[in-house]
Amino acid sequence: MSLDISRAVEVIRSASFLVALTGAGVSAESGIPTFRGKDGLWNKYRPEELATPQAFNRDPKRVWEWYVWRIKIVLNAKPNPAHYALAELEKIGLLKALITQNVDDLHERAGSKKLIKLHGNILEARCVSCNYVVKWSQPPSEIPPKCPLCSSLLRPNVVWFNEPLPEKALQEALDLASKADTMLVVGTSGIVMPAGALPFIVKDHEGTVIEINVSESAITPIADIFLRGSAGKILPEIVKMIK
Ligand code: OAD
């Protein structure tokens, strides 16, 4: 492992355009549940009942109850050493951008600036009629919440199954993957598209993929360097060796 970390450090140091892609695993050590795996949300809940536009149309109250539970977890969570290490890599000029599938705000709170949120923001809601966006600093008290402008229903401002990604964020992510000579892929199963395709775009133009994950993922077969272990341990170690 330490040999692999040294190789990763060398690649990161000499990268001309390093981009990171993160998934739920990067926030796991902050106490935010992942989606897949033993304690994953999709093991306990059915996505088609909670995370589709159809589910929301059928029962907005139920969907909101689940989101309020998750909003509370996010508001009580703190960034962990993995979030801080990624912010530090950006600060020292090596990491050019961070693409995340996470809907929490832990990368922002850790100090990441150039951040592309592919799946939206759980701390925001959007009006289903006028698209007005509300930001939560506390979970909504009225369930389901209503738009302060037009009184229509508010929905969580996240991407659900069967929905397209925000166009601007997706375009930025695709452009970054096309430019990246190195991609650091952290804590994602890599099976949700189009996010999971980004490391393949990097490989297509002969870029290098470095993966950090506690177990193998859909990205592992194309990873040039696979660092098995927790993001909260490995990323700070990498940053320490770089500085
Ligand atoms: P998953 O839950 O699918 O995968 C989490 C990954 O993190 C797994 O590969 C774990 O092995 C890894 N992992 C867990 N703890 C870790 C740790 N401490 N350090 C490093 N790796 C760790 O989450 P995502 O890949 O983010 O989409 O899921 C992608 C999308 O599927 C989510 O954004 C969400 C979900 O449905 C939407 O909501 C649209």
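Key figures for this structure:
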quantity: The one condition in (1) in a loop (DSSP other than H, G, I, E, B); (2) within 16 Å of the ligand (Cβ to nearest atom); (3) at pLDDT 95 or above; (4) more than 13 Å from L21 (Cα to Cα) that E206 fails to fulfil; calculated: (2)
quantity: Residue identified as assigned by TED's automatic domain parsing to the domain that holds V19, in contact (Cβ under 8 Å) with a residue 40 or more places away in the chain and over 16 Å from the mean Cα position of the chain (by Cα) among I222, I201, I234; calculated: I234
quantity: Of all residues in segment 34-54 being part of a helix (DSSP H, G or I) and free of Cβ contacts under 8 Å to residues at least 12 places away in the same chain, the one that is most open to solvent (accessible area, probe 1.4 Å); calculated: K44
quantity: Single condition W136 does not satisfy, out of (1) touching a residue at least 40 places away in the same chain (Cβ under 8 Å); (2) away from the ligand (no atom under 14 Å from the Cβ); (3) under 19 Å from N57 (Cα atoms); calculated: (3)
quantity: Residue check for V192: touching a residue at least 24 places away in the same chain (Cβ under 8 Å) and within 13 Å of the ligand (Cβ to nearest atom); calculated: yes
quantity: Any hit, segment 145-156, residues being closer than 19 Å to D105 by Cβ, more than 13 Å from the ligand (Cβ to nearest atom), under 16 Å from the mean Cα position of the chain (by Cα) and charged (D, E, K, R); calculated: no
quantity: Of all residues in segment 16-33 being hydrophobic (A, V, I, L, M, F, W, C) and not in a loop (DSSP other than H, G, I, E, B), the one that is farthest from the ligand (Cβ to nearest atom); calculated: L18
quantity: The listed residue being in a helix (DSSP H, G or I), more than 11 Å from the ligand (Cβ to nearest atom) and over 28 Å from A85 (Cα atoms), out of R7, R13, R62; calculated: R62
quantity: Matching residues in segment 212-225 - criterion: being within 12 Å of the ligand (Cβ to nearest atom) and either surrounded by fewer than 19 Cβ atoms within 10 Å (Cβ to Cβ) or of a type in the set (S, T, Y) (or both); calculated: V214, S215, E216, S217, A218, T220
quantity: Among (1) in contact with an Asp or Glu (Cβ under 8 Å, 6 or more places away or on another chain); (2) open to solvent by 10 Å² or more (accessible area, probe 1.4 Å), the one test that V209 misses; calculated: (2)
quantity: Hits in segment 139-168 - residues which are of a type outside the set (D, E, K, R), touching a residue at least 24 places away in the same chain (Cβ under 8 Å) and not in a strand (DSSP E or B); calculated: P139, P140, I143, P144, P145, S152, V159, W160, F161, N162, L165, P166
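So that you can scan it fast, the table gives a plain yes or no per residue for (1) farther than 17 Å from V11 by Cβ; (2) assigned to a loop (DSSP other than H, G, I, E, B); (3) in contact with a helix residue (DSSP H, G or I) (Cβ under 9 Å, 6 or more places away or on another chain):
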position: A173; (1), (2), (3): yes, no, yes
position: L176; (1), (2), (3): yes, no, yes
position: M183; (1), (2), (3): no, no, yes
position: T188; (1), (2), (3): yes, yes, yes
position: I191; (1), (2), (3): yes, yes, no
position: L198; (1), (2), (3): yes, no, yes
position: I201; (1), (2), (3): yes, no, yes
position: I238; (1), (2), (3): no, no, yes
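The values are calculated or read from the model by the stated rules, or taken from the named source; none is laboratory data. Keep in mind the model is a prediction, meaning the values are calculated, not measured. Cβ sites come from the backbone with ideal geometry, for glycine too, and all protein chains shown count toward neighbours. Side chains included, ligands, DNA and RNA excluded: accessible areas come from the protein's heavy atoms. Shrake-Rupley method; radii C 1.70, N 1.55, O 1.52, S 1.80 Å.
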